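Student: I am attaching a structure below and will ask some questions about it afterwards.
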Amino acid sequence: MTGYLVSITCLGYMAFYLYIQMGQLDRIVRTMNPQTLSVEQMTVLQERVTRSTEQLQNEMIGLAIFGGVVSVIGAFYTFNLVIRPLNRMIEYASSRGKTPMPEFKSNTELKQLTTEITLLTEQLKADRGSNPL
């Protein structure tokens, strides 16, 4: 989850950065009037636009790589903390409690759910033992 929040923050930064840079490019382009500017002035403005465009491209490539790495780390983190424990609980439930209940080291909602399922299983076994059909 943390990886996704960092990725979203990066995307927000990219959008803000693009907005600022595009505003600067727009301001430069609006001042470009071939009838009132000399060739040297047009060349300087053209170089500024080219430099800004290259800077934008480099920044976007860097942020895209950073966002990709953070997303991969976030996916790995999510898999280890959520998906793998859920798969263990599914195995336990599909075996009708014949396999041992998985233990979780961290005190998360999944551990609380596992504890409640264990209590429910024990209660059902006790009810079934005292009240055979």
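The values are calculated or read from the model by the stated rules, or taken from the named source; none is laboratory data. These numbers were taken from a predicted model, which means no experiment stands behind them. Heads up, the Cβs are rebuilt from the backbone with ideal geometry, glycines too, and the neighbour counts pull from every protein chain shown.
Student: Any residue at all in the stretch 101-111 that is more than 22 Å from the chain's Cα centre (by Cα) and assigned to a helix (DSSP H, G or I)?
Tutor: Scanning the stretch 101-111 turns up at least one residue that is more than 22 Å from the chain's Cα centre (by Cα) and assigned to a helix (DSSP H, G or I).
Student: What number goes with the only condition from (1) surrounded by 14 or more Cβ atoms within 10 Å (Cβ to Cβ); (2) under 30 Å from TYR19 (Cα atoms); (3) within 33 Å of the chain's Cα centre (by Cα) that ALA75 does not pass?
Tutor: (1)
Student: Do we have any residue at all in the stretch 116-126 that's touching a residue at least 12 places away in the same chain (Cβ under 8 Å), in a loop (DSSP other than H, G, I, E, B) and of a type in the set (Val, Ile, Thr)?
Tutor: no
This table checks each residue for (1) modelled with pLDDT of 75 or more; (2) surrounded by fewer than 13 Cβ atoms within 10 Å (Cβ to Cβ); (3) among the aromatic types (Phe, Trp, Tyr).
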site: ARG88; (1), (2), (3): yes, no, no
site: MET101; (1), (2), (3): no, no, no
site: LYS105; (1), (2), (3): no, yes, no
site: ILE117; (1), (2), (3): yes, no, no
site: ASP127; (1), (2), (3): yes, yes, no
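Student: Here is a check on your reading of the model: is VAL82 more than 30 Å from ILE117 (Cα to Cα) and of a type in the set (Val, Ile, Thr)? Quick ask: steps written out before the conclusion?
Tutor: Working: more than 30 Å from ILE117 (Cα to Cα): no; of a type in the set (Val, Ile, Thr): yes.
In short, no.
Student: In addition: Looking at (1) among the polar types (S, T, N, Q); (2) modelled with pLDDT of 75 or more; (3) surrounded by 11 or more Cβ atoms within 10 Å (Cβ to Cβ), find the lone condition where ASN80 falls short.
Tutor: (3)
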